[in-house]
1. Which residues does a label at Tyr108 reach in region 19-48, if reach means a backbone N under 19 Å from a point 7 Å past the Cα toward the Cβ?
2. Of Ala25, Thr61, Thr78, whose Cα points farthest to the positive end of the dipole of region 1-108 (charges on the beta-carbon: +1 Lys, Arg; -1 Asp, Glu; origin at the Cα centre)?
3. Please find the FRET efficiency linking Asp99 to Ala43, where r is the Cβ-Cβ separation and R0 is fixed at 30 Å, and quote it to the nearest 0.05.
4. Considering amide H positions built from the backbone, and no H for Pro or chain starts, which residues 5 or more places from Leu51, or on another chain, come under 5 Å of its amide H?
5. Which of the chymotrypsin sites (Phe, Trp or Tyr not before Pro) found in region 1-72 are in a DSSP loop and have at most 13 neighbouring Cβ atoms, other than their own, within 10 Å?
6. Note down the magnitude of the dipole of region 3-73 about its Cα centre, charges +1 on Lys and Arg C-beta and -1 on Asp and Glu C-beta and zero elsewhere, to the nearest 20 debye.
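What follows is calculated from the coordinates using simple rules that are stated; it is not laboratory data. Remember, it's a predicted structure, so these values are computed and weren't measured experimentally. Here the Cβ is made from the backbone with ideal geometry for all residues, glycine too, and neighbour counts use every protein chain on show.
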Amino acid sequence: MNARLMINTPNENAGEAQPNRWMKAELFFKWMHHFVKYSNPIAGNPLLLILDGHASNDHATQFAMKNHIHMLNSLPHTTHKLQPLYCTFMKPFKSAYNDVYTSWMRPYPGVRMLLLIAFTFSNECCN
């Protein structure tokens with residue numbers, strides 16, 4: 001990997017690449033450790049990791065399960081099919097969700113939002 005890509009990045013960032021540009025199991029597992037360290041998933045707040053057709057090995061899958069990470073594998077070679085979904089639905093939904101979230105936070109500054117409240121925002125965004 002070109003070391004110039006890491007210039008002026010935060011110290012917590014990690015950057016590695018494979019010469020053939022394909023993710024190998026060892027590098028993926030190393031990245032999983034980094035991901036867990038900085039995302040800090042817990043049983044009450046697990047994370048969803050969406051993978052682009054990456055066939056992870058059993059070792060990484062067990063590591064993810066033990067560290068409260070749910071891995072969702074998209075089918076290989078489907079990213080281009082999912083792009084229209086982002087442009088037509090996810091981006092406008094994210095914008096609407098942020099608007100609703102911001103309006104909720106104004107009267108409750110510093111209050112931690114419950115997941116149940118966050119789900120109700122989805123209904124407001126779709127109306």
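1. Only 45 fall inside the zone, counting backbone N under 19 Å.
2. Of the candidates, Thr78 comes out farthest on the positive side.
3. 0.45
4. Leu72, Asn73, Ser74
5. Passing both the DSSP loop test and the Cβ count: Trp22.
6. 100 debye
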